[in-house]
Amino acid sequence: MQKRGREEERERSEAKTGHRLVGARSGSEMKVMVAVKRVVDYAVKIRVKPDKSGVETSNVKMSMNPFCEIALEEALRIREAGTAAEVVAVSVGPAQCVDTLRTALAMGADRAIHVDAGAAPVLPLSVAKILKALVQVEQPGLLILGKQAIDDDCNQTGQMIAGLLRWPQGTFASKVVLDKEKQVATVEREVDGGIETLSLDLPAVITTDLRLNQPRYATLPNIMKAKSKVIKKVTPAELNVELKPDLEVVQVAEPPKRKAGVIVSSVDELIHKLKNEARIL
């Protein structure tokens with residue numbers, strides 16, 4: 001009765017809004033879509049451009065966003081458990097994103113889609129609109145994203161795509177359990193008060209936290225195989241998505257450098273400096 005009630009509510013929503021809600025495929029036929037982003041490698045020291053228009057990316061090592069790696073790993077584990085049949089990796093950005101997608105294929109993704117949006121930065125709302133269009137084409141039962149990208153720390157795309165699709169969402173997931181019979185995802189997320197557990201009807205959107213899993217390394221044979229795999233290429237125009245810059249970056253600046261510390265010779269001198277110079281006593 002509860003499941004039928006959910007279906008009736010969904011049908012009423014579709015009839016009221018005129019929009020069709022994409023449904024999850026049943027059982028092991030379910031498809032999982034994972035969004036991955038190309039960012040400056042986490043081990044690289046960030047340098048700001050001389051004109052302060054952004055971060056220097058020329059001749060800088062780039063890699064897959066760490067949170068996206070976790071999202072991809074979770075999708076692969078879901079497929080390996082027999083809950084899903086296919087994992088599709090998607091990346092939005094310039095031509096170099098193909099390298100990131102080949103890493104996803106080497107890790108185990110079945111297919112990859114590159115949305116060539118040019119060299120200009122694509123903001124979260126535009127990415128969400130593109131993902132919505134791809135979801136309507138691919139019809140996945142689950143969409144997994146990293147909770148944020150380490151280059152801009154926006155933490156917005158997952159929530160935006162869930163709102164555009166009108167799908168339930170579980171953000172900052174530290175544990176994900178799928179019930180393919182009931183078509184429900186149970187998501188545990190760490191909050192200030194402890195562990196919050198959510199039950200989401202599929203299809204749903206999940207964003208991943210650091211403690212969800214430990215991503216696997218791509219093996220050399222799989223890396224070589226990924227080089228010959230075909231990556232589907234589409235443009236935002238082909239998806240009927242118009243890219244509009246809704247934000248403007250005024251300036252990017254490095255944080256102020258900390259002053260060198262001072263070695264004091266006695267407790268009295270320390271107290272004097274804390275009181276008269278730092279003024280915290």
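Values as computed for the structure displayed
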{"item": "Mean accessible surface per residue for the range 109-238, computed with a 1.4 Å probe while every protein chain stays in place, in Å²", "result": "49 Å²"}
{"item": "Between helix 2-17 and the chain: long-axis angle, C-alpha atoms, 0 to 90°, nearest 10", "result": "80 degrees"}
{"item": "Acute angle (nearest 10 degrees) that the helix 267-276 long axis makes with the longest principal axis of the chain, alpha-carbon atoms", "result": "70 degrees"}
{"item": "Burial order of peptide ranges 145-151, 166-172, 116-122, 269-275 (average beta-carbon count within 10 Å, highest first)", "result": "145-151, 166-172, 116-122, 269-275"}
{"item": "Charge sum, other residues only, whose C-beta stays under 11 Å from Lys227's C-beta, Lys/Arg counted +1 and Asp/Glu -1", "result": "+2"}
{"item": "By average C-beta atoms within 10 angstrom, highest first, the peptides 242-254, 97-109, 54-66", "result": "97-109, 54-66, 242-254"}
{"item": "Gain upon complete extension [Val44, Asn59; 0.36 nm per residue less C-alpha separation]", "result": "4.3 nm"}
{"item": "Average Cα contact separation per residue, the range 19-276, under 8 Å, 6 or more apart, as relative contact order %", "result": "24 percent"}
{"item": "Viscosity 1.002 mPa s, 20 °C: Kirkwood-radius Stokes-Einstein D of the chain over Cα pairs, µm²/s", "result": "102 µm²/s"}
{"item": "The chain: angle of helix 124-138 to the longest principal axis, Cα-based, in degrees nearest 10", "result": "20 degrees"}
{"item": "Listed residue pairs exceeding 30 Å between alpha carbons, taken from Lys49/Lys273; Lys31/Lys175; Lys31/Lys147; Lys147/Lys229; Lys147/Lys259; Lys37/Lys175", "result": "Lys49/Lys273; Lys147/Lys259"}
{"item": "Expected 222 nm ellipticity per residue - DSSP helices of 4 or more, -39500 (n - 2.57), all of the chain, to 500", "result": "-9000 deg cm²/dmol"}
{"item": "Lys175/Gln251 FRET efficiency (R0 51 Å; Cβ-Cβ; nearest 0.05)", "result": "0.80"}
{"item": "Among Gly141, Gln169, Ile195 the positive-end extreme of the charge dipole of the range 139-195 (Cβ point charges)", "result": "Gly141"}
{"item": "Using θ = phi - 60° and Karplus 6.51 cos²θ - 1.76 cosθ + 1.60, couplings along the range 75-84 (whole Hz; Gly, Pro as x)", "result": "4, 5, 5, 5, 5, 5, 7, x, 7, 10"}
{"item": "Protein accessible area in the chain, 1.4 Å probe - carbon and sulfur %", "result": "52 percent"}
{"item": "Among Ile271, Ala260, Val234 the positive-end extreme of the charge dipole of the range 219-281 (Cβ point charges)", "result": "Val234"}
{"item": "Unit charges on C-beta of K, R, D, E only; dipole of the chain, Debye", "result": "420 debye"}
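The values are calculated or read from the model by the stated rules, or taken from the named source; none is laboratory data. These numbers were taken from a predicted model, which means no experiment stands behind them. Cβ coordinates were reconstructed from backbone atoms using ideal geometry, including for glycine residues, and neighbour counts include every protein chain displayed. Side chains included, ligands, DNA and RNA excluded: accessible areas come from the protein's heavy atoms. Shrake-Rupley method; radii C 1.70, N 1.55, O 1.52, S 1.80 Å.
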